[in-house]
Amino acid sequence: MSENRELFLFQNIRQVIKAELWCVKNKIQVRVIPVPKPYSTECGLCLELDRADGDRLEQFAGENEMVINRIPVGQ
Amino acid sequence: MNLYFDNCATSFPKPAAVAEAMTRHLNETGGTYGRSAYPRILNSTRLVEECRDQLAGRMGTIQADKIILTANATTALNLMIQGICRKGGHVLTSAMEHNAIARPLEHLRQQGLIEWELLESAADGSILVDKIASKLRPNTILVAVCHMSNVNGMAQSPGEIKQAIGEIPLLIDASQSLGQYPVEVDRWGVDFLAFTGHKSLLGPTGTGGAFLRRPELVEPLVFGGTGSGSDSLSMPAFVPDRFEAGTPNITGIHGLNAALKNRPVACHSADDFATLLSEVKTNKNYRVRCADDFARQGKLFSVVHQRLSSSELAHRFYEEYGIESRAGLHCAPLAHRHLGSFPYGDCRFSLSPYHTVEELNHLAKAIHDVGK
């Protein structure tokens with residue numbers, strides 16, 4: 001994985017899919033992937049995207065009362 | 001001709017896309033909800049969430065996250081009624097209730113947990129909103145009302161009811177109304193709503209759910225795996241997971257989503273239906289059960305014949321005119337008591353958007369001829 005990427009962890013599947021859909025609509029390249037081993041998540045899935053887009057997604061998550069965990073890849 | 005006039009029981013036909021979506025899921029795509037990241041499961045999960053968003057639009061809320069999916073409206077109503085009611089509570093309901101609300105309330109009363117009573121209503125069952133305040137008590141914990149009667153099609157005014165009860169939670173049973181009549185939970189301030197997928201929404205049986213604006217007031221009814229918070233033995237605190245234990249009816253939800261996205265344009269107008277109702281009312285051998293105000297009329301009505309029983313009526317409609325209708329109490333004994341047709345019930349006709357003017361005319365003729 002590129003060091004320019006980061007992971008977004010969510011509470012549940014609903015939020016993962018909602019965030020993914022928002023990324024697609026806003027032309028943000030995103031992948032739904034399994035949560036890597038070091039991290040615990042509520043639902044087993046997370047989003048991987050460019051760090052440059054992370055702030056936009058975090059803002060969307062905040063506006064929609066999503067509880068997220070934002071993790072730079074490689075840490 | 002489509003002579004099926006029992007759409008209140010379950011809608012038929014469905015949009016062709018419903019069966020196509022369900023067959024596709026069963027035979028081609030497969031996949032459950034969440035829990036893994038391979039494409040089959042992701043695509044299925046995306047579709048479930050699309051359905052939740054479609055439902056939010058249909059019921060007039062921006063809070064799709066607070067919609068939970070259940071097997072039917074009865075399950076959703078039990079979740080909310082049993083999950084909200086606490087010992088010593090007092091519940092108000094309407095004279096037009098279906099047993100989906102009345103029986104859970106009566107069960108809780110028999111357990112010694114709550115008291116419940118009826119709100120005052122006009123002759124057609126519409127709640128007298130200006131009388132609500134006199135029924136409220138300090139321990140009133142819930143007002144639970146069916147939006148549209150499944151006996152006479154009269155629609156209540158949830159926004160006015162909510163204004164009259166203030167912060168007391170309002171639960172609306174939209175089993176008949178959602179899909180055929182305006183539902184605007186955000187504008188009305190409705191706290192809880194139950195719906196089914198297989199009636200006016202034209203989806204398959206085994207689908208339905210609830211909207212919970214105030215989920216913190218509700219205890220879960222079913223406990224189990226949610227694919228979230230799995231490190232804990234307690235149910236998650238967040239929605240919809242808190243109320244969605246177990247694998248959902250994925251195939252059915254795919255069908256419901258297809259129904260929501262492929263709603264047919266009605267083959268008859270409101271005026272056509274009004275004309276039918278007016279014609280039926282001219283027959284003096286019937287008492288016609290409908291809303292006093294046509295603006296509050298859903299696409300259903302029922303009749304009581306002065307001589308024939310409801311079962312005899314329904315039998316003759318089928319034998320002589322091929323019309324499938326519904327006789328009896330329609331699981332709504334309270335409504336029939338209020339309307340004066342208990343315990344014999346009446347004969348109900350409920351329309352589909354697929355009915356044409358020709359088919360409505362056939363129904364009008366059948367009602368006229370059988371009623372002679």
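Only the coordinates and a few stated rules stand behind these numbers; no lab work does. Given the structure is predicted, the values throughout are model-derived calculations rather than measurements. Virtual Cβ from ideal backbone geometry, glycine too; neighbours counted across all protein chains shown.
With the contact rule set at Cα under 8 Å and sequence spacing of 6 or more, what percent relative contact order holds for chain B?
Relative contact order comes out at 24 percent.
Using only Cα positions of the stretch B:255-372, each an equal point scatterer, no hydration layer, compute I(q)/I(0) via Debye at q = 0.11, 0.16 Å⁻¹ and quote the log10 values to two decimals.
Relative scattering, expressed as log10 I(q)/I(0), comes to -0.38, -0.79.
Considering every pair of different Cα atoms, what Kirkwood radius, in Å, is found for the stretch B:165-235? Spell out each step's value before the answer.
Numbers: mean 1/r = 0.0706 Å⁻¹.
After inverting the mean inverse Cα-Cα distance, the result is 14.2 Å.
Give the range of the longest stretch in chain B that excludes all chymotrypsin sites (Phe, Trp or Tyr not before Pro) found in loop regions by DSSP and having at most 14 other beta-carbon atoms within 10 Å.
So the longest stretch without any such site is B:1-222.
Within 10 Å of each residue's Cβ, count the other Cβ atoms and sort A:9, B:221, B:233 from fewest upward. Could the numbers behind the result be given before it?
Numbers: A:9 20, B:221 16, B:233 7.
Ascending Cβ contact count within 10 Å gives the list B:233, B:221, A:9.
222 nm [θ] for the protein assembly as shown, helices only, -39500 (n - 2.57) per DSSP H run of 4+, per residue, to 500?
After summing the helix terms and dividing by residue count, I get -10000 deg cm²/dmol.
What ratio of Cα Rg to 2.2 N^0.38 Å holds for the stretch B:46-143?
Working it through for the stretch B:46-143, the quotient is 1.27.
How large are Rg and Dmax for the stretch B:250-294 when only the alpha carbon atoms are used, in Å?
When restricted to Cα atoms, the stretch B:250-294 yields Rg and Dmax of 17.0, 49 Å.
Provide a whole-number value for the mean count of partner chain Cβ atoms within 10 Å of the Cβ atoms in peptide B:38-48. Intermediate values should be presented prior to the final figure.
Values: counts 2, 1, 0, 3, 6, 0, 0, 7, 6, 1, 3.
Per residue, the average neighbour count from other chains is 3.
In chain A, which GluC sites (Glu not before Pro) fall in coil by DSSP and have 11 or fewer other Cβ atoms within 10 Å?
Answer in residue order: A:3, A:65.
Obtain the radius of gyration and the Kirkwood radius of the stretch B:61-201 from its C-alpha atoms and give Rg over Rh.
Taking Rg over the Kirkwood Rh, I get 0.93.
Any idea how far the Cα center of the stretch B:1-62 sits from the one of the stretch B:269-286, in Å?
Going from one Cα centre to the other spans 35 Å.
Which number do you get for Rg(Cα) / (2.2 N^0.38 Å) in the protein assembly as shown?
Computed over Cα atoms of the protein assembly as shown, the ratio equals 1.08.
Can you list the residues, at least 5 places off or on another chain, whose amide H is less than 5 Å from the amide H of residue B:154, using H built in the peptide plane?
B:149, B:291, B:298
Quick one: B:55, B:119, fewest Cβ neighbours within 10 Å first, how do they rank? Write down the numbers at each step before the final one.
On the way: B:55 24, B:119 21.
So the residues, fewest neighbours to most, are B:119, B:55.
What list do you get for B:316, B:289, B:24, B:137 if you sort them by fewest beta carbons within 10 Å?
Neighbour counts put them in this order, fewest first: B:137, B:24, B:316, B:289.
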